[in-house]
Amino acid sequence: MLQFSFMYPEVLYKDLYGGSSKLDKIKQWVIQEKSAVCLVFSYKKRASDTSLRVRFMANMKGGNSNQCGRYTVTFNGEECDNPAPVQGVIVWVNGVTNEHKRGRSIEGICYNIPAGVIQVAVERKACSSYSTLDFYTGWHSMSRLQVEEVRLGLGRRQIIFVDNPDNSNNDEAAGITNVFNIQHWTWMNMDDENNNHKILAVTYNKTQDNSGIKVTLSSNFCQRTRGKCARWYFKFDGSECSNPGYIEGNMYQNHWDSSANINFHSPNTIKGICKGINTGSVNVELWVGSCHAWGLGDSTFGYMTTTALIVEEVYYTTL
């Protein structure tokens, strides 16, 4: 296994209205991994009143009929229970035996983790009611784990100061954060089988005129009808994003075996930034429906897994 790590400089976030906290902005590990062992790394969490945001991106093997496997993130050996496990669940319910080696990703936020050195691991575990998946991670590719210390709900920007050993006050200004006002929701085992409707809705309070809204959705997705397509997409106050464009994820299935019933649930994320949304209360909705050029497929969303939605403001003028 080859392993590389990279960390941005240690930073000091200072609220523009007072107060400070020393945080590691983000740490990333890059791994070339083909075995079934868990991946364990150390992360120094600076504050006790923050949360840890994790992202895992890798090529994850599918499996055979009646198999299931969970990629789950643990903190000091325990899965997150506040608010929910950070996990990606691969489920092959039935269908033609086939090894799907595809790029997949999971993302989520865990609360109430104490300050100090945290052992962050990506573990592979069995599911209930299914045979265990024959795990294979990182097929001819690199896997990435990112861990970031964040504060939820802060509706104001923060100045970033980088620790400077030559400066007794450690106050070397580096800029101002572009991302703020992070909100997070989770649902367990949604198992939504409706093919053309609103799946979920949340209310988000946008605080700035010149910011965009960034959404990140992590769950698993299934479209089982041959020659059909399912589309999951976001609406803001009842309309899809037009500036700059739709925020969506599509799944099309056309297996070579015309008799195949491919009932396969795959974890992934959908994310994007929408501009031009007014300040105040914004209704953020996730919908499922037909793709723009294909017939409506038979879909399932959030089967046997955690669904996580992260909404945040970003200053897109500095992107």
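Remark: region 226-305 carries 44 Å² of accessible area per residue (probe radius 1.4 Å; ligands, DNA and RNA excluded). Residues of region 63-83 falling in the label zone of V202, defined by backbone nitrogen less than 15 Å from a point 7 Å along Cα to beta-carbon, are 82-83.
Summarising the overall dimensions of region 220-319 from its C-alpha atoms, the Rg and Dmax are 15.8, 51 angstrom. Considering region 196-270, its Cα convex hull presents a mean projected area of 6.3 nm². With a threshold of 31 Å on the Cα-Cα distance, the over-threshold entries among K101/K271; K206/K228; K44/K198 are K206/K228; K44/K198. The peptide list 200-210, 113-123, 304-314, put in order of mean Cβ contacts within 10 Å with the highest first, becomes 304-314, 113-123, 200-210.
The values are calculated or read from the model by the stated rules, or taken from the named source; none is laboratory data. Just so it is clear, the model here is predicted, and its values are computed rather than measured. Note: ideal-geometry Cβ built from the backbone for every residue, glycine included; neighbour counts use all protein chains shown. The area values use the complete protein model at the heavy-atom level, side chains included, leaving out ligands, DNA and RNA. Shrake-Rupley method; radii C 1.70, N 1.55, O 1.52, S 1.80 Å.
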